[in-house]
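Report on the following structure.
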Amino acid sequence: MPREFIIIAGTANPDLADAIATELGMSAGACAIERFPDGETSVRLLESVRRKEVFLIQSLSPPVNDHLVELLVLADACRRAAAARITAVVPYLGYARSDKRHGRRESISGRMVADVFEAVGIDHVVTVDLHAPQIEGFFHIPVDSLTAVPTLCDVLHEKVPPGIVVVAPDAGALRMATDYAHRLKGTVAVLHKRRESGTGTQVTHLVGEVGGKPCLIVDDMISTGGTLASGIEALLKAGARPELTIAATHGLLLPGARQKLAHEAVKKVFITDTVADLPSDWSRLHVISIAPLIAGSLKRLLEHRSLGDLY
Ligand code: R5P
């Protein structure tokens, strides 16, 4: 018999939290999340969580520090109110790109975030397309890293032309590109990217055959759009057919990103709803909900079943 459970949503993505709750046949639990005049976060649970399994739903999307603190304060409130277990459902795990030191006297913030999750009593993490698989190793608690690739491929199957080349815009995306190519029966190409700043990247090499072919560029996230913009330029320069599709799990779409992807060769952009407030007036943008995948994973966790069939 599964334990009684409750879903509590932070303010990062309430629509996704509602969609997950609906998939599970319930509504999100009531809580008041407010700001004190000095900017501190105040949280009050408006219903009991005593001895319940709590799923806290919060993406670490911008403003990432506010959303992180809110998640931590929510977890602290649940622990002090005697929740049986706290699972942080973090569809987009921010700070994950900081997984190593690039120079001396830098922080590894991804590791620090993992430590803080555990310090406030989070028992388990469910996330989607972690920036790098090794981030899981920063945690001592179980981390279920789901992937949006099957969900996106279910839609892409009908949308991409045959003979598609799946392009990884950098070496880090190669594993994901291989998964997409396997599911879409395409081939793989990879670009070598050199990051020049937080917003600027440059492609130095292309490995793979793209001449005259339609391409699907895949990535875990679109942040400033700089990585994809330089990828688009490199592919067209290498003779790819000007019929490009983009697929990414997390659409952070920071100011200016949309303009960078407004190239006429880019026909469609597919993302999921791990991040909220996506533009509704961009006709090339297609948002695929990740709620059924996340709800399916929570159902399996409650029933003590494997998540293996979701990968
Ligand atoms: C980098 O390793 C990531 O996988 C993404 O390629 C990158 O973070 C996207 O950021 P932006 O859109 O700002 O280039």
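The strands (runs of 3 or more DSSP E) found wholly in the range 111-224 and carrying at least 2 residues that are of a type in the set (S, T, N, Q), within 16 Å of the ligand (Cβ to nearest atom) and open to solvent by 10 Å² or more (accessible area, probe 1.4 Å) occupy 201-207. Does the range 234-243 contain at least one residue that is within 16 Å of the ligand (Cβ to nearest atom) and touching a Lys or Arg at 6+ places or on another chain (Cβ under 8 Å)? For the range 234-243, residues within 16 Å of the ligand (Cβ to nearest atom) and touching a Lys or Arg at 6+ places or on another chain (Cβ under 8 Å): absent.
Looking at the structure I just gave you, is residue 145 under 21 Å from residue 96 (Cβ atoms), free of Cβ contacts under 8 Å to residues at least 12 places away in the same chain and hydroxyl-bearing (Ser, Thr, Tyr)? Answer is no for this residue.
So if I check each of 238, 247, 234, which one is open to solvent by less than 10 Å² (accessible area, probe 1.4 Å) and either touching a Cys at 6+ places or on another chain (Cβ under 7 Å) or in contact (Cβ under 8 Å) with a residue 12 or more places away in the chain (or both)? Exactly one residue qualifies, and that residue is 247.
Flag set for residue 2, criterion: at pLDDT below 95 and either in contact with a Cys (Cβ under 8 Å, 6 or more places away or on another chain) or surrounded by fewer than 17 Cβ atoms within 10 Å (Cβ to Cβ) (or both).
Yes or no, residue by residue, for (1) within 18 Å of the chain's Cα centre (by Cα); (2) buried (at least 16 other Cβ atoms within 10 Å of the Cβ):
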residue	(1), (2)
252	yes, yes
261	no, yes
268	no, yes
281	no, no
290	yes, yes
309	no, no
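Being more than 16 Å from the ligand (Cβ to nearest atom), in contact with a Ser or Thr (Cβ under 9 Å, 6 or more places away or on another chain) and over 21 Å from residue 192 (Cβ atoms) is a description that does not apply to residue 257.
Checking each residue in the range 123-142 for being acidic (Asp, Glu), out of contact with any Lys or Arg (no Cβ under 7 Å at 6 or more places or on another chain) and touching a residue at least 12 places away in the same chain (Cβ under 8 Å) picks out only 129.
Select the helices (runs of 4 or more DSSP H) contained entirely in the range 226-311, then report the ones holding at least 1 residues which are closer than 24 Å to residue 16 by Cα. Before the answer, list the steps.
Details: elements: 226-237, 257-260, 291-302.
In the range 226-311, 257-260, 291-302 are the helices (runs of 4 or more DSSP H) which contain 1 or more residues that are closer than 24 Å to residue 16 by Cα.
Is at least one residue of the range 81-97 part of a helix (DSSP H, G or I), within 16 Å of the ligand (Cβ to nearest atom) and touching a helix residue (DSSP H, G or I) at 6+ places or on another chain (Cβ under 6 Å)? The answer is no; no qualifying residue exists.
Here are 293, 228: which of them is near the ligand (Cβ under 10 Å from one of its atoms) and touching a residue at least 12 places away in the same chain (Cβ under 8 Å)?
Values: 293 fails: near the ligand (Cβ under 10 Å from one of its atoms).
Selected residue: 228, the only one of 293, 228 that is near the ligand (Cβ under 10 Å from one of its atoms) and touching a residue at least 12 places away in the same chain (Cβ under 8 Å).
Pairing each residue of the range 173-192 that is of a type outside the set (Val, Ile, Thr) with any residue that is open to solvent by 70 Å² or more (accessible area, probe 1.4 Å), provided the two are 6+ apart or on different chains, yields C-beta distances under 6 Å for 192/205.
Annotation for the range 66-80: no member residue is assigned to a loop (DSSP other than H, G, I, E, B) and either at pLDDT 95 or above or surrounded by fewer than 22 Cβ atoms within 10 Å (Cβ to Cβ) (or both). Of all the listed residues (252, 261, 298), the sole one being more than 11 Å from residue 222 (Cα to Cα) and not acidic (Asp, Glu) is 298.
The values are calculated or read from the model by the stated rules, or taken from the named source; none is laboratory data. These numbers were taken from a predicted model, which means no experiment stands behind them. For neighbour counting, all protein chains shown are included, and Cβ atoms are generated from backbone atoms with ideal geometry for every residue, glycine included. Accessible surface is based on the protein model in full, side chains and every heavy atom, while ligands, DNA and RNA are left aside. Shrake-Rupley method; radii C 1.70, N 1.55, O 1.52, S 1.80 Å.
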